[in-house]
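These notes are about the structure you will find just below.
The values are calculated or read from the model by the stated rules, or taken from the named source; none is laboratory data. No experiment lies behind these values; they were computed from the predicted model shown. Note: ideal-geometry Cβ built from the backbone for every residue, glycine included; neighbour counts use all protein chains shown. Just so you know, the surface numbers come from the protein's heavy atoms only, side chains and all, with ligands and any DNA or RNA stripped out. Shrake-Rupley method; radii C 1.70, N 1.55, O 1.52, S 1.80 Å.
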Amino acid sequence: MTSFEKANGALRTPILLANIGQLLTLQSASSNFGPRRGSGLKELGIIKDGAVLSVGGKIVSVGATKDALRDPWLKKNRKKVLEIDCAGKVVLPGFVDSHTHPVFISPRLVDFEKRIDGASYEEIAAAGGGIRSSLHGVREAGKRILANKIVNVLQHMAAHGTTTVEAKSGYGLTAESELKSLQAIRAAASRWPGTLVATLLGAHVVPKEFQGRSGEYVEVVCTEMIPQAAKGKLAQFVDVFCDQGAFTAAETERIFAAAAQHGFGVRAHVGQLTETSLLPFLRFNPASFDHMDHVNDADIAQLAGHDTVATLVPGANYFLGLKEYPPARKLIDAGVPVALATDYNPGTSPTLSMPMAMSLACTHMKMSPAETIAASTINGAWALRLADRKGSLEPGKDADLVAFAVEDYREIPYWFGVNRCTMTVMSGTVLPAAGSL
Ligand SMILES: [Zn+2]
């Protein structure tokens, strides 16, 4: 039994977090509903000397500590409440990591060294490395082993302040191993008090046995993986890696159509290596377009009028040693809703730290610290269609909160490479962070 599973027993105890130096509620002053755009991405709704009360895993009130302590319900029930003195720390909504690939067995150390020696992404893939080299481990592994791997990474994510995680399959690439991967995600979700959102990424890359016959593989995705995942209620989204060396725009549309037919939301990896026109995909109302390193001005103008979130993953650019990063400034200034995620995966972004992604967004994409926080909380929630429950601290939302041992929220992306998260609350379950792991 993990410490997380033990902690599950404590769920539902009313909790009062008090004496919070800066409480970042992420509540917006504007009445505009929808993901945060433009200057709205800077609104953190900060309360000084704040307090949050949660009961039954839901937030009941958010305000100043002195007002919380005067609350008649609290006065009457004080003995039943777990009171936590935050001693001036910063408290904010738990991070929503809306793009991860946690279902794999081994790190890709050969790729790492080859890349250091100067090989490109495409050269590594052509030499048998890349995504295809992770397939063997996942195809051979039992569901239990995969689930254990996922739970392990979720524990570390929570220790770094993440309370909601989108988890993709995509390293099996047979109907059987993709469904096994989704079942492993579901098993892991039952052992973790945070929230896990599963995505079928059968269209990650064309596996070797279908080399030169991508159309046939797309049919396996559409007529086997998608219907079976729907039947087992194993995923909320279907994702496609639409790029050079992966799937074409036409194949992506075919997969999106099958996904929509079976009730899935859709999302896509786009523009990581080459530009793809995004317009044809908008009729499927994608929850998000991810990566977006290469995107044209006409598409940016279109996206500014949609709720599809641009999810940027600078950890991949960093780890690949790229000079260029996604054009966050251009997207934000044009009114496109932007989220940040880790893209946790063994090949191109082996980081599970949202503060690290935020730090990279500040230094390499010129996002302000405030923008990185909104992009990692409320807009991550929008990218997973969970904004009614996640991403801000408001009465009625899930009690997902994290405390950082800093005095000012700007320190969260500032102190890169160390973990300042000292407490994680997931649906009312309180977990001490890094120190106990
Ligand atoms: Zn990815």
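Here are Tyr344, Tyr325: which of them is within 12 Å of the ligand (Cβ to nearest atom), aromatic (Phe, Trp, Tyr) and modelled with pLDDT of 95 or more?
Exactly one of Tyr344, Tyr325 is within 12 Å of the ligand (Cβ to nearest atom), aromatic (Phe, Trp, Tyr) and modelled with pLDDT of 95 or more, namely Tyr344.
Can you tell me which residue in region 259-272 is least open to solvent (accessible area, probe 1.4 Å), limited to those that are under 20 Å from Thr100 (Cβ atoms) and part of a loop (DSSP other than H, G, I, E, B)?
Gly271
Scan region 253-306 for residues that are of a type in the set (Asp, Glu) and over 13 Å from Val240 (Cβ atoms) and report the count.
Residues in region 253-306 being of a type in the set (Asp, Glu) and over 13 Å from Val240 (Cβ atoms): 4 in total.
When you scan region 298-311, do you find a residue that is open to solvent by less than 30 Å² (accessible area, probe 1.4 Å), hydrophobic (A, V, I, L, M, F, W, C), assigned to a helix (DSSP H, G or I) and more than 13 Å from the ligand (Cβ to nearest atom), even just one?
Taking every residue of region 298-311 in turn, at least one turns out to be open to solvent by less than 30 Å² (accessible area, probe 1.4 Å), hydrophobic (A, V, I, L, M, F, W, C), assigned to a helix (DSSP H, G or I) and more than 13 Å from the ligand (Cβ to nearest atom).
Quick one: in region 42-97, which of the residues that are open to solvent by 10 Å² or more (accessible area, probe 1.4 Å) and of a type in the set (Gly, Ala, Ser) is modelled with the lowest pLDDT?
Ala68
Tell me, yes or no, whether region 190-200 has at least one residue that is among the charged types (D, E, K, R), open to solvent by 30 Å² or more (accessible area, probe 1.4 Å), assigned to a loop (DSSP other than H, G, I, E, B) and more than 16 Å from the ligand (Cβ to nearest atom).
Yes, there is a match, as at least one residue in region 190-200 is among the charged types (D, E, K, R), open to solvent by 30 Å² or more (accessible area, probe 1.4 Å), assigned to a loop (DSSP other than H, G, I, E, B) and more than 16 Å from the ligand (Cβ to nearest atom).
Quick one: in region 282-308, of everything that is within 22 Å of Ala260 (Cα to Cα) and of a type in the set (S, T, N, Q), which residue is farthest from the chain's Cα centre (by Cα)?
Top of the filtered list is Gln302.
May I ask you to say which residue of Gly315, Gly335 is more than 12 Å from the ligand (Cβ to nearest atom), modelled with pLDDT of 95 or more and open to solvent by less than 30 Å² (accessible area, probe 1.4 Å)?
Sole residue among the options that is more than 12 Å from the ligand (Cβ to nearest atom), modelled with pLDDT of 95 or more and open to solvent by less than 30 Å² (accessible area, probe 1.4 Å): Gly335.
Which pairs turn up if I take residues in region 148-173 that are buried (at least 24 other Cβ atoms within 10 Å of the Cβ) and look for partners that are of a type in the set (Phe, Trp, Tyr) with beta carbon separation below 6 Å, at least 6 apart in sequence or on another chain?
Close Cβ pairs (under 6 Å, with a partner that is of a type in the set (Phe, Trp, Tyr)) amount to Leu154/Trp192; Gly161/Phe95; Thr162/Phe95; Tyr171/Phe104.
Among the helices (runs of 4 or more DSSP H) contained in region 21-136, which hold 2 or more residues that are closer than 30 Å to Gln244 by Cα and in contact (Cβ under 8 Å) with a residue 60 or more places away in the chain?
Correct list: 109-116, 121-126.
Any chance you could count how many residues in region 385-432 are open to solvent by less than 10 Å² (accessible area, probe 1.4 Å) and among the small types (Gly, Ala, Ser)?
Going through region 385-432 one residue at a time, the tally reaches 5.
Condition first: more than 16 Å from the ligand (Cβ to nearest atom), open to solvent by less than 20 Å² (accessible area, probe 1.4 Å) and of a type in the set (Phe, Trp, Tyr). Can you find one or more residues in region 107-123 that meet it?
No; the residues of region 107-123 include none that is more than 16 Å from the ligand (Cβ to nearest atom), open to solvent by less than 20 Å² (accessible area, probe 1.4 Å) and of a type in the set (Phe, Trp, Tyr).
Out of (1) over 17 Å from Phe416 (Cα atoms); (2) among the charged types (D, E, K, R); (3) open to solvent by 40 Å² or more (accessible area, probe 1.4 Å), the odd one out for Asp290 is which?
It is condition (3) that Asp290 fails.
Matching residues to (1) modelled with pLDDT of 95 or more; (2) under 16 Å from the mean Cα position of the chain (by Cα); (3) not in a loop (DSSP other than H, G, I, E, B):
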position: Met356; (1), (2), (3): yes, yes, yes
position: Ala361; (1), (2), (3): yes, yes, yes
position: Met367; (1), (2), (3): yes, no, no
position: Ala374; (1), (2), (3): yes, yes, yes
position: Gly380; (1), (2), (3): yes, yes, yes
position: Leu386; (1), (2), (3): yes, yes, no
position: Ser392; (1), (2), (3): yes, yes, no
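Quick one: is Gln244 touching an Asp or Glu at 6+ places or on another chain (Cβ under 7 Å) and either of a type in the set (S, T, N, Q) or more than 25 Å from Asp343 (Cα to Cα) (or both)?
Judged against the criteria, Gln244 is not a match.
Which members of region 124-161 meet the condition of being within 27 Å of Val418 (Cβ to Cβ) and within 16 Å of the ligand (Cβ to nearest atom)?
Ile150, Val153, Met157
Is it the case, given these coordinates, that Phe264 is within 16 Å of the ligand (Cβ to nearest atom), modelled with pLDDT of 95 or more and in contact with a Leu (Cβ under 9 Å, 6 or more places away or on another chain)?
no
Restricting to region 347-383, name every residue that is open to solvent by less than 10 Å² (accessible area, probe 1.4 Å), of a type outside the set (A, V, I, L, M) and within 16 Å of the ligand (Cβ to nearest atom).
Gly347, Ser349, Gly380
List pairs: first residue in region 299-324 and under 13 Å from Asp343 (Cβ atoms) and aliphatic (A, V, I, L, M), second residue more than 16 Å from the ligand (Cβ to nearest atom) and part of a strand (DSSP E or B) anywhere in the structure, Cβ distance under 9 angstrom, at least six positions apart or on different chains.
Leu312/Val338
Count, please, the residues in region 202-258 that happen to be surrounded by fewer than 23 Cβ atoms within 10 Å (Cβ to Cβ) and either small (Gly, Ala, Ser) or part of a helix (DSSP H, G or I) (or both).
The qualifying residues number 27.
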